[in-house]
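One structure is given below, encoded as structure tokens.
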Amino acid sequence: LSVGSDFRVIRNGVDTAKFNLLDKAECRAKLGIKADGPCIGMVARCVPEKRHSLLLEAFETIAAAIPGVKLLLAGAGGTCEEETKAQAAGHAFASRIFWLGQRDDMTTVYNALDLLVLTSTSEGMSNVSLEAMSCGVPVLMHDSCGSEELIREGLNGCATPMNSAAEVTAAVTRLLKNPGLLQLMGNSARAIIESEHQLTGTSADYAAVYRRLAAQT
């Protein structure tokens, strides 16, 4: 861009009426999940950069350390789907892994979680993260492209390097062992979405830009 270029940042927005707060126990019951431990989850297509295999590897240690912890995997498609399904099915803690696939009730899925975990090597302004936060769920992200745009450390989630199963395990268990902090971050996540990422605000910003461009033609 040349000096003096006119450009504006428009943040992604989320429908806070659709992605809202629901009763966690009721949401877990709808998904057939016992409410006898915390739930973490990933929502993503099965492609290499999402690194499902890394989270599944880490879950062996996480499940051994945290009684009753569950792992929910939502999303479908991608080059690694069958491989990921096989890894989950053959997992040492397969009974605690729930393959949800493609869903049309994502508000229920998000509200069933205590923590969304994204081990992706890159993210933009992640819509999945925005939707989870709108449902009062904090987000743990790999410290990669995109995380700095969304995560306010310790407030609505955490961004930390997760390049190995050991690093994923350490980050997840640290948060799961502090449920009070998770609750506070979840509350803050929802408040930040309501104040800064309303879909109506995003739509209005785009409309203003188009009106301005149209007036210049």
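The values are calculated or read from the model by the stated rules, or taken from the named source; none is laboratory data. Nothing here was measured: the structure is a model prediction, and the numbers come from that model. Cβ coordinates were reconstructed from backbone atoms using ideal geometry, including for glycine residues, and neighbour counts include every protein chain displayed. Note: areas computed on protein heavy atoms with side chains; ligands, DNA, RNA excluded. Shrake-Rupley method; radii C 1.70, N 1.55, O 1.52, S 1.80 Å.
Overview of results
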{"quantity": "Members of the stretch 27-53 that are surrounded by fewer than 19 Cβ atoms within 10 Å (Cβ to Cβ) and out of contact with any Phe, Trp or Tyr (no Cβ under 9 Å at 6 or more places or on another chain)", "calculated": "Ala29, Lys30, Lys34, Ala35, Asp36, Gly37, Arg45, Val47, Pro48, Glu49, Ser53"}
{"quantity": "Ala29 modelled with pLDDT of 95 or more, more than 21 Å from Val139 (Cβ to Cβ) and not charged (D, E, K, R)", "calculated": "yes"}
{"quantity": "Residues of the stretch 145-183 satisfying the condition of being loosely packed, with under 15 Cβ neighbours inside 10 Å, free of Cβ contacts under 8 Å to residues at least 12 places away in the same chain and not acidic (Asp, Glu)", "calculated": "Arg174, Asn178, Gly180, Gln183"}
{"quantity": "Residue match in the stretch 117-126 (condition: of a type in the set (D, E, K, R), touching a Cys at 6+ places or on another chain (Cβ under 8 Å) and farther than 15 Å from Leu176 by Cα)", "calculated": "yes"}
{"quantity": "Considering residues of the stretch 149-168 that are closer than 25 Å to Met106 by Cα and in a helix (DSSP H, G or I) only, the residue modelled with the highest pLDDT", "calculated": "Val168"}
{"quantity": "Of the criteria (1) over 19 Å from Arg103 (Cβ atoms); (2) at pLDDT 95 or above, which one Lys18 fails", "calculated": "(1)"}
{"quantity": "Considering residues of the stretch 12-26 that are hydrophobic (A, V, I, L, M, F, W, C) and open to solvent by less than 70 Å² (accessible area, probe 1.4 Å) only, the residue farthest from Leu72 (Cα to Cα)", "calculated": "Val14"}
{"quantity": "Pair list, Cβ < 8 Å and 6+ apart or interchain, from the stretch 22-34 residues that are in contact (Cβ under 8 Å) with a residue 12 or more places away in the chain and on the phi < 0 side of the Ramachandran plot to residues that are of a type in the set (A, V, I, L, M, F, W, C) and surrounded by fewer than 16 Cβ atoms within 10 Å (Cβ to Cβ)", "calculated": "Lys24/Ala35; Arg28/Ala35"}
{"quantity": "Helices (runs of 4 or more DSSP H) wholly inside the stretch 59-144 that include at least 3 residues being open to solvent by 50 Å² or more (accessible area, probe 1.4 Å)", "calculated": "81-89"}
